[in-house]
Every structure is written in C-alpha cells, then in structure tokens.
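Working notes for the structure below.
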C-alpha cells in the first residue's frame, strides 16, 4: 500500500496561520475562502481547529467583534482559546491576502496530484490490473483538478483581456463556414465555443450534411475532426469521396471502379493527405469522458478548428443505471463545456422522435421532438432541423429552430443522393422568416 506524504513546508503553515488570523480581523475574507478554498484541509493544528469554527460563525451571522466573544465560542466547541490567540497574533497583512490564498490553492492541487499518482501506482502494481481503466481514471482525475489561474470577474478587466488578445493576434474572431452560403450568411459562421445541434429523423441525411460541412471546413484550412459513432471510418470517407467526385459510393466500397475513376480518387486522396486537414475517428463504446480526451489529444499539437460528433445518442454511459434521458443530458452539457474549454465549434448530431411519422403526411419537425432530453435544446447555441418527406424526395428543408443572436428561419434545399450533397434550391435560396 502506497502512502501519500503529508507536506508540512514552512510556507504552507505560515500561509494557513496568516490567513486564519486575517479571517479574525476581516471576517469578509471568510466568504472568499468559502468559495475558493471550501475543501481545503489545514496542516497546521491551530489553523485546522479555528478555520471551520470561523466559517460556521460567519454562516450564522455571529458578530465577530472581539477576541473575547470568539474565545467563548471556541471554548464551547472544546477547543483551547490559546489556539485562537496564536493564529490571531500571526495574522498576515491584508495586502498579502491573494498570496496566502494562492499558496494554499497550490498546496491543495499538489495533494490531489499526489493522491492521484499514488492510487494509479497501487492499481498498476496488481497482477489483474486493467491498464486502460487506470489510464481513463488518471485522465479523468487530472481533468478534475483545476488549473492555477488568476480568475477575473470584473467586466472591465475581461474587456481589457479581450482587447489585448485582439491586438496581439491582429486577427478577427475565428469562424467555420458550412459551405451553404445562405446558412453562413444567416448565422455568420460557426464560432469558437459554440455547440450547434443538427437533428433529423433517421435516413433523412443528417450525416451527409454534417460530412459536407466538415469537408468544407477542412478545405478552408480548419483542422477538422469527424467522430463517427454510427458508421466506420471507411464508410464515412467513401461518402466524402462520392461527394467530391460524384463517383458511386457503393462502387468505391466494392472496388468495382473504372481505371479513370481510380486515378481521380488517388489524386483526391493525395490532396487530403497533404493539404486538407480532415481526420475521421470511428471509436466504439465512446463515453463522454473518452470523447473529451480524444478531442484534447487532437488539439494537443495543433488547435482544432471544427469538431463533428455523429451522433449524441450513441455516446456510451459509464453508469449503466442512468436512463437515456440522463445520459443524453450529460453528453449535451459535456459537449458544450468541451466546446468552451477547447475554444472550438462542435456540431453534434441528434435524432428526432418518430411520433409524427405515424401520420399519413410527415410533419415539419420541431424542437419538441429532440429525442430523450430537453437539455439538448438548452445547451445548444443553435439548433438545425433537417427535413425530407421521404428517402426518395430530393426536396429538403433546413430549419434554424434556435439561433442565439441570429434569429430563426428555414431554407429550401435540394438533395443529390448519389453525391450525398445538399445545395440551396434555385427557387428559394433565402431564409424565410415565418418559422
């Protein structure tokens, strides 16, 4: 059994005593510590006894006017008043408050890392060790440990940071375009941190439309990751080849190609190898945590510009007791958080329920038909609903059912089945506003 060494360095104990002493003199500091250091465990014996008492009294609105009344409360809890006197005598300077809190935050992070490492080493030492499980647990644990940062909340400070970043880069806000000009004009492109949901009933063409958007983003230079949980990487790429060349996808997969077609496809493959940064992953049993690690892995060397997840309903749960509703809710919230943390737009596909298919004429889909979880709508910055009345129909409608800062509307499209391509209909190439 591996033990975790308890760190008792002088800097930490001094910071603990100085901060607790400051809490006595300036009780408002307790409020900040309750937020930023709520789970901190003191090493110093005096500080470890007095800290929780001060927090308890503060929550109860106890007037901490003098040491005498505090000493009475401390004694009631079986603590020697001498402990209170010692930390009060070592109170730090108010101007050093940030330094003390930073020191203890760093110490808490160090302890968590030590425990995580010790737990992993203990598991790896067993003969029946599941290495993949340990790796997942280690990655999850590392992700849960907050980074040390000087968090800002004042709007003016954040504004200055935004302006400073803009001056440094001298570049406009990054955007990814779908390739459907009318949609791009309406939405202004997909921006970093956005979660865009594309929903449709089965076999309507949502995967084809998502692949089309991914190809366009990659050809514009955005490093693009297409995560397919429904089709193999070969099928996904074969669709891309059909989209690019018009060659029948089945012929590509079966190997029944004409010599001229083979040469065209080899040229296309070479272009994608050397110039077009499109990556396809077809992992099975992918949990939200593993999906997150996969995205971060691709972003490690070069920042991703666009991510597609096909689709939400196939992301696995790491807890078999959870309902489909709970799993979908966790995934949608996880994807939104991932988009923000990695500063990348994520297009996530979702299925609509089949209720309206029972009718003779299939109705135009609505947000209410998003399958399993209303949180998908809440978490998404934009929701696109794709509609075709039948698999044979070339006529399609793309509905912008939710759009933060861009409104709603619908657009008529035409679907070219052999190429897996959607294009704006010639008769109606503008978004209508009557949705």
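The values are calculated or read from the model by the stated rules, or taken from the named source; none is laboratory data. The structure displayed is predicted, hence computed values, not measured ones. Note: ideal-geometry Cβ built from the backbone for every residue, glycine included; neighbour counts use all protein chains shown.
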Kindly indicate which of 296, 358, 322, 343 is surrounded by fewer than 19 Cβ atoms within 10 Å (Cβ to Cβ), at pLDDT 85 or above and more than 14 Å from residue 195 (Cα to Cα).
296
Tally up the residues in region 381-420 that are assigned to a strand (DSSP E or B) and surrounded by 17 or more Cβ atoms within 10 Å (Cβ to Cβ), please.
20
Specify the residue that is nearest to the chain's Cα centre (by Cα); the eligible residues are those in region 90-102 that are loosely packed, with under 14 Cβ neighbours inside 10 Å and within 10 Å of residue 22 (Cα to Cα).
94
Which listed residue, of 313, 305, 334, is modelled with pLDDT under 85, in contact with a helix residue (DSSP H, G or I) (Cβ under 8 Å, 6 or more places away or on another chain) and either within 19 Å of residue 377 (Cβ to Cβ) or surrounded by 17 or more Cβ atoms within 10 Å (Cβ to Cβ) (or both):
313
Flagged in region 197-219 as part of a loop (DSSP other than H, G, I, E, B) and either at pLDDT 90 or above or touching a strand residue (DSSP E or B) at 6+ places or on another chain (Cβ under 9 Å) (or both), in numbering order, are 201, 202, 204, 205
Within region 276-287, identify whether any single residue is at pLDDT 85 or above and part of a helix (DSSP H, G or I), and answer yes or no.
no
Working only within region 183-211, note down all residues that are under 26 Å from residue 297 (Cα atoms) and surrounded by fewer than 22 Cβ atoms within 10 Å (Cβ to Cβ).
189, 191, 192, 193, 194, 208
Under 6 Å between Cβ atoms, which residue pairs at least 6 apart in sequence (or on different chains) link something in region 221-243 that is surrounded by fewer than 19 Cβ atoms within 10 Å (Cβ to Cβ) with a partner that is not in a helix (DSSP H, G or I)?
230/310; 232/282; 233/280; 233/282
Answer yes or no as to whether residue 168 is closer than 15 Å to residue 312 by Cβ, surrounded by fewer than 19 Cβ atoms within 10 Å (Cβ to Cβ) and at pLDDT below 90.
no
As an exercise: evaluate residue 433 against (1) surrounded by 20 or more Cβ atoms within 10 Å (Cβ to Cβ); (2) at pLDDT below 80 and give the number of the one condition it does not meet.
(1)
Residues being exposed (fewer than 11 other Cβ atoms within 10 Å of the Cβ) and closer than 30 Å to residue 326 by Cβ: count how many of those fall in region 246-284.
1
